[in-house]
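Nothing in this text is a laboratory measurement; each read-out follows from the coordinates by a stated rule. Since the model is a prediction, treat every value here as computed from it, not as a measurement. Note: ideal-geometry Cβ built from the backbone for every residue, glycine included; neighbour counts use all protein chains shown.
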Amino acid sequence: MSVTALPELRIDLGERSYPILIGTGLLDDAGLLAGHVPGRDVLIVTNETVGPLYLARVEQGLAGKRVRSVTLPDGERHKTLSVLGRVFDALVEARFNRDACVIALGGGVVGDLAGFAAACYQRGVDFVQVPTTLLAQVDSSVGGKTGVNHPGGKNLIGAFHQPRAVLADLGTLRTLPPRELRAGLAEVIKYGLVTDAGFLAWIESHVQQLLALDMEALAIAMRRSCEIKARIVASDEREQGARALLNLGHTFGHAIENASGYGEWLHGEAVAMGMLLAADMSRRLGYLATEDVDRVRDVLRRAGLPLAAPPIGAAKALELMGMDKKVLAGRIRLVLLRQLGEGIVTGDYPAVALEETLQAHFEGARS
């Protein structure tokens, strides 16, 4: 496969700055990956789905290094402390030291697990993200969030640990199941809704090309998504302010994932549903017009994403949302839309607006 690379993006974090490399055929570029791995010892973390497809190609790009790999079970329900222990076991069994590098080869679950292991092992070793799903390429591989789930909530145990580089090979999307591709589109749509109305309009006019794996359209969508995230992460690495905007739909969505059992709803599907709830609540607060909410619903529908929440009950949803990481002093802060293309993070809203939103979507009623 020929190699086609877009101009490099960078996350500007001083001494922790790193590149985001986007293109097709990057996994076949001899030396590209190795150039971002300074040490001799490498552990590749992958899963049972991705490993058979791409592990050998990544290993070939690390010729001359001492490479080990660990293959984890696939799926969100395996993003746990016990599975994380298998990564630590592999590092210890290989007798790797602080100059080792962990490579995350897979989707968001693999990236979060591998990154958290790298953050903790011997108090921190290098890691590189090689994301193979659209969701990971446009979102979870960028920005240094790592962690695992807890029965009480999603991503409650983790650390910020920036990678040395992100290598996003668009060609890996050709082996991605259609449902996973649609789930990744939810995160692309999120960037338009919360920060860039022009990008949202572009997405609306290119949904079919994206679903059809048009590489030119995917490259545009991925680069713009990463540009937005790079800018926000550079200004707020540890999510003390503006970075929380990138959680549009996540507070509602994490409640859906938890209550439904991790894996029944893909993360992107739950985020899509959460974005629709956020738009509906924004309408109830007078920020959005009904036509704006219809527009959000329509782009999600055309992307093949869910439009009806599971009947988990408003009370259960509220309970689970209370464990969200944006909660301060017992107040659930939400990412809402002041207008399409402009998000806000706020805990200053009438409780009845949230109650009505939860009732309307989680109890089966419509208002």
Using the Cα centre of the chain as the reference point, and only Cβ charges (+1 on K/R, -1 on D/E), how large is the resulting charge dipole? Debye, rounded to the nearest 20. 560 debye
If you look at just the Cα atoms of the chain, how large are its Rg and its Dmax in Å? 19.8, 63
Mind putting a number on the dipole of region 4-175 about its Cα centre? Charges go on the C-beta only, +1 for Lys and Arg and -1 for Asp and Glu, and I need it in Debye to the nearest 20. 340 debye
Tell me which of Ile220, Pro38, Leu113 sits at the most positive position along the dipole axis of the chain, charges placed on C-beta atoms (Lys, Arg +1; Asp, Glu -1). Pro38
For region 18-70: rounded, prolate or oblate by the Cα gyration tensor [a/c cutoff 1.5]: oblate
Are there GluC sites (Glu not before Pro) in region 1-80 that DSSP puts in a loop and that have at most 12 other Cβ atoms within 10 Å, and which ones? Glu8
Rounded, prolate or oblate: pick one for region 4-175, where a ≥ b ≥ c are the square roots of the eigenvalues of its C-alpha gyration tensor, a/c under 1.5 means rounded, and failing that, prolate if a/b is larger than b/c, else oblate. rounded
Which number gives the lysine pairs in the chain that have C-alpha atoms under 30 Å apart and are eight or more places apart or on different chains? 28
From the phi angles alone, apply the Karplus equation (6.51, -1.76, 1.60; θ = phi - 60°) to region 168-183 and give each ³J(HN,Hα) in whole Hz, x where the residue is Gly or Pro. 9, 8, 4, x, 5, 5, 5, 9, 7, x, x, 4, 5, 4, 4, 4
Degrees between helix 81-93 axis and first principal axis of the chain (Cα, 0 to 90, nearest 10): 10 degrees
Total formal charge among the other residues, if their Cβ is under 11 angstrom from that of Arg40, Lys/Arg +1 and Asp/Glu -1: 0
Report the Cα-based extents of region 178-362 along its three principal axes, largest first, to the nearest Å. 45, 35, 32
Whole-number percent relative contact order across the chain, with pairs defined as alpha carbons under 8 Å at least 6 apart: 15 percent
Under a Cβ-only charge scheme (Lys and Arg +1, Asp and Glu -1), can you give me the dipole magnitude of region 178-362 about the Cα centre, in debye to the nearest 20? 200 debye
